[in-house]
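Please read the structure below before turning to the comments.
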There are 2 protein chains.
Amino acid sequence: MKTFINQADFEKMERFYRVSFFNTLSGIRSPFLIGTANGQGQTNLAIFNSLVHIGANPPALGIVFRPSTIPRHSLENLIETGVYTLNLVTTPMIDSAHQTSAKYDREISEFSAVGLNPIYYEDFHAPGVEESPLTLLMKFREKHHIAINDTVFVVGEILGVSTDKTFIDDNGSFLHQKMQTALVSGLDDYYQSKKMVTKAYARP
Amino acid sequence: MKTFINQADFEKMERFYRVSFFNTLSGIRSPFLIGTANGQGQTNLAIFNSLVHIGANPPALGIVFRPSTIPRHSLENLIETGVYTLNLVTTPMIDSAHQTSAKYDREISEFSAVGLNPIYYEDFHAPGVEESPLTLLMKFREKHHIAINDTVFVVGEILGVSTDKTFIDDNGSFLHQKMQTALVSGLDDYYQSKKMVTKAYARP
């Protein structure tokens, strides 16, 4: 039976209950690891689940940076150097990818701390994750200030894609079940996916 | 074996191949139906997959509106009236929810066209979807123009939540497998989810 939870009820929620409630009601999505390096080459790796498609021409993606949960280092590095990588997390990578959310000191790279290997691309400053089946090379393009809670929406352009072509079908679609793409709800509930159906283009 | 797909390769892609490629490489996420009504009460319902968590206090969510794929009516209505609903799509709802993406004439409501039932809340102009297990009542708060491709990022505040409390665990997290939350990659590849693990808060 449905009940209605209103703003007065929100205010009565215990702090961590409230965070879980609002983090998980927007559904499930694929986590990614963002790889950056600062001007001195010190690497950083952070998991996040707020990636959103912006468009295919030019190819562009958005990320919400919430200073409270995403280490500020990633945002500082990508603005300083203008580049970053996005690395799809797979189900075998969940433990190491989740561990990047621990608050390591700045001088410690999450790569070595969690046991993932950095990989470098020609003329590109930010490291990718060797264990990921899909790495996107990104150029920072726009930063929007979200007034409601002082978060930041970053828009980036895709400059290159490193993947195995057997993960792409004849229509250009990535085969997420074959890639073992991981899923997460909120910050800690992990899921796997099972393909159901490809629907035809809808007409009235 | 990984290969590298660069900007010159992007330009050689056939048009629909390119759209599928860039729509599906950002992973899988839960589709939602956005419910709106214009000033005269004419209802509109549209599926989209670009919902992103902004924060829990105040509770806020973002949506990317891409005029080419999301009917402009939803965006026009929510700006005109200041309110909209977000309705989680479940696996039994996939056929009807997907059908809302057909280009119906403005005077036709997608509710009746696809066979979903509108439900109204006290003092709230926008209709929810009765068949959805989770409806969010939203207030329009911010609109950001994304320069790279003239899309719009809309930020809204959650005013109320209509759901069954048995879908929420003791920690405040929604139980998406129990809700039968649907998943979509790009515009037409639908998936179901299976819970794997709840990870502990990560510490160095």
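At a glance:
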quantity: Any hit, the stretch B:125-132, residues being in contact (Cβ under 8 Å) with a residue 12 or more places away in the chain, in a loop (DSSP other than H, G, I, E, B), of a type in the set (D, E, K, R) and surrounded by 16 or more Cβ atoms within 10 Å (Cβ to Cβ); calculated: yes
quantity: A:Ser74 modelled with pLDDT under 95, within 26 Å of B:Thr24 (Cα to Cα) and open to solvent by less than 10 Å² (accessible area, probe 1.4 Å); calculated: yes
quantity: Residue within the stretch B:19-30 that is under 18 Å from A:Tyr201 (Cβ atoms), in contact with a Pro (Cβ under 6 Å, 6 or more places away or on another chain) and within 11 Å of chain A (Cβ to nearest Cβ) present; calculated: yes
quantity: All positions within the stretch A:145-182 that are among the β-branched types (Val, Ile, Thr) and either within 8 Å of chain B (Cβ to nearest Cβ) or not in a strand (DSSP E or B) (or both); calculated: A:Ile146, A:Ile148, A:Thr151, A:Val155, A:Ile158, A:Val161, A:Thr163, A:Thr166, A:Ile168, A:Thr181
quantity: Qualifying residue in the stretch A:104-112 (condition: surrounded by fewer than 17 Cβ atoms within 10 Å (Cβ to Cβ) and within 17 Å of the chain's Cα centre (by Cα)); calculated: no
quantity: Test: B:Ala102 is closer than 21 Å to A:Thr198 by Cβ and at pLDDT below 95; calculated: yes
quantity: Failed criterion for B:Asn57 (all others in (1) under 25 Å from A:Gln7 (Cβ atoms); (2) more than 12 Å from every other protein chain (Cβ to nearest Cβ); (3) surrounded by fewer than 22 Cβ atoms within 10 Å (Cβ to Cβ); (4) not aliphatic (A, V, I, L, M) hold); calculated: (2)
quantity: Complete set of residues in the stretch B:183-200 that are in a loop (DSSP other than H, G, I, E, B) and either open to solvent by less than 40 Å² (accessible area, probe 1.4 Å) or more than 7 Å from chain A (Cβ to nearest Cβ) (or both); calculated: B:Gly186, B:Leu187, B:Ala200
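The values are calculated or read from the model by the stated rules, or taken from the named source; none is laboratory data. For clarity, every value in this text was computed on a predicted model and none was experimentally measured. Every residue, glycine among them, receives a Cβ derived from its backbone with ideal geometry; neighbour counts consider all protein chains shown. Surface areas here come from the heavy atoms of the whole protein model, side chains and all, with no ligands, DNA or RNA. Shrake-Rupley method; radii C 1.70, N 1.55, O 1.52, S 1.80 Å.
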